[in-house]
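This report refers to the structure that appears directly beneath it.
Since every read-out is calculated from the coordinates, none of them should be taken as a lab result. Predicted model, so just to flag it, every value in this text is computed and none were measured. Virtual Cβ from ideal backbone geometry, glycine too; neighbours counted across all protein chains shown.
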Amino acid sequence: MRVHLWYSEDMKKWRWCITDTPRNWGATRQETGDADTLDEAMDIISATAKRMIGKKEPNAGWIGA
């Protein structure tokens, strides 16, 4: 699972993208969004990542960043 988080000066918002390729199937899942504050973005990212992985471990089997 990869999480990308950045601040958009133009939009004045925190933007984020989460991608995950589960080991048991090849399709990559992706969730994106934005938030007004960093705290709000982190809460949304946390909830989204937990929903995406469910009870399984996230796929950390990638090389690079």
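Can you give the local net charge around Ala47? Use residues other than it whose beta-carbon is closer than 14 angstrom to its beta-carbon, Lys and Arg +1, Asp and Glu -1. For residues surrounding Ala47, the net value is -2.
Averaged over residues, the count of other Cβ atoms within 10 Å places the peptides 40-48, 1-9 in the sequence 40-48, 1-9, highest first. Taking K and R as +1 and D and E as -1, what net charge do the other residues with C-beta under 15 Å from the C-beta of Tyr7 add up to? Summing Lys and Arg as +1 and Asp and Glu as -1 gives -3.
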